[in-house]
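Readers should treat all values here as calculations from the given coordinates under stated rules, not as data from a laboratory. This one's a predicted model, so the numbers in the text were calculated from it and none came from an experiment. Here the Cβ is made from the backbone with ideal geometry for all residues, glycine too, and neighbour counts use every protein chain on show.
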Amino acid sequence: MTLDDILVEIKQAETIVVMAHESPDGDAIGSVLAMNLALKKMGKKVDVIVKEFPRTFDFLPGAKDVKTTSDVETYDLAISLDCADLKRLVGREYFEKAKKTIVIDHHSTNMMYGDLNFVNPVSPACCEILAGMFEYFDIDIDAEIGSCIVTGIITDTGGFKYASVTAETFEFTAELLRKGVNISDIYQRVLETRRKSNFELLRRAMNRLELLENDKIAFTYINKQDEEDVQAEPGDHEGIVENGRSIEGVKVSVFIREKEENLYKVSMRTGNGSNINVSDICYIFGGGGHPRAAGATVAGTVEQVKEKLIKEIKKVI
Ligand code: AMP
Ligand code: MN
Ligand code: MN
């Protein structure tokens with residue numbers, strides 16, 4: 001399967017639906033909005049389905065056109081972006097009914113659930129894959145598309161600091177800067193600005209943070225009650241897990257967030273200077289992700305989930 005096959009499918013389709021993973025981050029939002037603009041330039045009728053759109057990304061072009069549901073039942077083509085697993089895809093009902101499906105992603109644990117699957121696990125962001133793809137398709141990456149793309153690159157690389165960053169990442173970002181994308185403004189908005197509710201959640205999580213196994217594991221959590229108390233908005237839990245990983249000596253940082261009663265969304269990060277593959281650990285629990293940033297959903301109380309996770313982490317630290 002090549003980029004040409006993807007282009008053929010896009011050209012043949014009249015109606016296209018674009019979607020990404022649940023609890024969308026900057027790469028998921030940047031990817032769907034960049035794809036939306038690119039497809040519109042190609043003259044396509046496009047719907048973008050996102051639920052729980054974080055307010056942080058309201059400034060991006062096309063953010064206002066995003067829908068939570070659609071009247072169209074059967075699209076000619078459905079495109080899934082930045083989502084490794086059909087289980088986590090928001091808008092799955094449209095994906096499953098579409099005449100053709102394409103998956104574009106950068107998770108090594110991608111389940112290849114599309115008719116066409118374009119997965120590059122060494123790409124630091126799904127948005128960076130799209131940049132290369134649009135160039136190949138001869139679509140002009142203007143400042144609007146560029147703003148969406150750089151949002152995904154900045155958020156998925158922690159502001160260009162992860163080892164996943166390549167020379168191309170900088171070259172491409174430099175090109176966007178020349179085209180008038182305000183990199184500094186986007187950086188401030190997506191990484192340097194906290195809503196008060198996000199700060200309050202972080203404060204609670206930090207107060208509870210425990211260092212376990214000779215300070216090699218950082219563990220913390222938030223529950224539904226916390227989110228209610230601080231009037232949390234979509235995306236407010238983002239970034240909490242990063243705080244544990246920066247503590248000297250921590251090999252794995254774990255943050256769990258109550259999804260429903262007795263069901264927790266797990267986030268794991270590899271500590272600085274450690275080379276533990278957290279994707280492998282999350283895979284044991286039916287999740288996945290990247291070697292240094294991964295997730296899963298695990299059943300139980302906080303204590304039970306913690307115990308299950310620590311048991312597996314202990315085996316590799
Ligand atoms: P998170 O901790 O939710 O920020 O996720 C870290 C990385 O792992 C992201 O790239 C996610 O897309 C991915 N990820 C999170 N949860 C899962 C899961 N259940 N299955 C597969 N990948 C996941
Ligand atoms: Mn993502
Ligand atoms: Mn991503």
What ranking of Asp47, Asp85 emerges when the number of other C-beta atoms within 10 Å of each C-beta is taken as an exposure proxy, fewest first?
Asp85, Asp47
Once the Cα gyration tensor of region 1-109 is diagonalised, semi-axes √(5λ) in Å:
19, 16, 14
By count of other Cβ within 10 Å, fewest leading, how are Arg292, Arg178, Arg257 ordered?
Arg178, Arg292, Arg257
Could you line up Glu210, Glu171 from fewest to most neighbouring Cβ atoms inside 10 Å?
Glu171, Glu210
Full-extension gain between Lys64 and Asn223, please, as 0.36 nm times their residue separation minus the C-alpha to C-alpha distance.
54.2 nm
Give the lysines whose C-alpha is closer than 20 Å to that of Lys67, dropping any in the same chain fewer than 8 places away, or say none.
Lys40, Lys41, Lys44, Lys45, Lys51, Lys87, Lys97
Counting DSSP beta bridges with both ends in the chain, the antiparallel % (nearest 5)
45 percent
Take the Cα atoms of region 188-317, find their three principal axes, and give me the spread along each one in whole Å, biggest first.
38, 33, 25
Could you check the simple spin-label distance between Asp280 and Ala163, using points 7 Å along Cα→Cβ, in nm with one decimal?
1.3 nm
Roughly how many Å is it from the Cα centre of region 93-142 to that of region 240-281, as a whole number?
26 Å
With the convex hull built on the alpha-carbon atoms of region 30-186, volume per residue in Å³ sits at 112 Å³
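For region 95-180, what percent of Cα pairs sit more than 16 Å apart?
56 percent
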Helix-only mean residue ellipticity at 222 nm for the chain, each DSSP H run of n ≥ 4 adding -39500 (n - 2.57), per residue, nearest 500
-11500 deg cm²/dmol
How large is the Kirkwood hydrodynamic radius of the chain, counting all unique pairs of alpha carbons, in Å?
20.0 Å
Averaged over all directions, how much area does the convex hull of the C-alpha atoms of region 159-235 cover when projected, in nm²?
7.4 nm²
